[in-house]
1. Name the shape class, rounded, prolate or oblate, that the alpha-carbon gyration tensor gives for the range 39-87, where a ≥ b ≥ c are the square roots of its eigenvalues, rounded holds for a/c under 1.5, and otherwise prolate holds if a/b is larger than b/c and oblate otherwise.
2. How large is ³J(HN,Hα), in whole Hz, for each residue of the range 160-165 in order, when computed from phi with the Karplus curve 6.51 cos²θ - 1.76 cosθ + 1.60 and θ = phi - 60°, using x for Gly and Pro?
3. Calculate the spin-label point distance for residue 94 paired with residue 148, positioning each point 7 Å from the Cα along the beta-carbon direction, and give it in nanometres.
4. How long are the semi-axes of the equivalent ellipsoid of the range 1-65, taking √(5λ) for every eigenvalue λ of the Cα gyration tensor, in whole Å from largest down?
5. Let's test the formula: R0 of 25 Å, r as the Cβ-Cβ distance of residue 12 and residue 123. What FRET efficiency results, to the nearest 0.05?
6. Computed over the Cα atoms, what is the radius of gyration of the range 71-140 divided by 2.2 N^0.38 Å, N being its residue count?
7. For the range 106-155, take every pair of Cα atoms, bin their distances at 10 Å starting from 0, and report each bin as a whole percent.
8. So for the chain, Kirkwood radius off the Cα pairs, Stokes-Einstein at 37 °C and 0.692 mPa s: how many µm² s⁻¹?
Amino acid sequence: MILSGKEIEKKLGTDISIEPFDAKQLNPNSYNLRLHDELLVYDNTILDMKTEHKTAMIRIPKSGLLLEPNKLYLGRTVEYTKTQNYVPMLEGRSSIGRLGMFIHVTAGFGDVGFEGYWTLEIFVIQPLIIYPNIDVCQIYYHAIEGEFETYTSGKYQKNNSIQPSYLFKDFEK
């Protein structure tokens, strides 16, 4: 079961927190999240899963920023969310996808108990000018059945910025 927009609004302050919240961003079964003005890009074009990678910060000016194809950008949401008793899910908005911009394609599944800003994996298939504070993705909530444990990993919990990938140390290279 997916929560309706009205049910999302009813759960604010109890099982769901979205800060800042604006009723204009509420949809029939989701809530639009906005793109912050900060992006990270990896310094190297070849990435190794067992190596820590340096990143550079880019600010998106109000006049816009041209994204290049075949380059990964890491962004974050303006909104800080917290979820209890529901599974938060993130999807790109269709209006953004129709421009060839892909948001959070491989990591849209959240965890019960997640709290923080969402780090967004951003990729474009053709040059695209983006702007800060645009409605870039939507969060929606699934009911969870059965016993569960709340998310407690310190890896991404209560993050306050963009989170690049953590090293994969558990396999042999």
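1. oblate
2. With coefficients 6.51, -1.76 and 1.60, one gets 10, 7, 6, 10, x, 5 Hz.
3. Once both label points are built, they end up 2.6 nm from each other.
4. Details: eigenvalues 240, 60, 21 Å².
In descending order the semi-axes read 35, 17, 10 Å.
5. Details: r = 32 Å, r/R0 = 1.26.
In this case the efficiency is close to 0.20.
6. Working: Rg = 12.3 Å, N = 70, 2.2 N^0.38 = 11.1 Å.
This ratio for the range 71-140 stands at 1.11.
7. Cα pair-distance distribution for the range 106-155, in percent: 15, 43, 27, 13, 2.
8. Details: Rh = 17.0 Å.
Rounded, D is 193 µm²/s.
Each reported figure results from applying straightforward, stated rules to the coordinates on display, with no laboratory input. Owing to the predicted nature of the structure, the values given are computational and were not obtained by experimental measurement. Every residue, glycine as well, gets a Cβ built from its backbone with ideal geometry; the counts of neighbours run over all protein chains shown.
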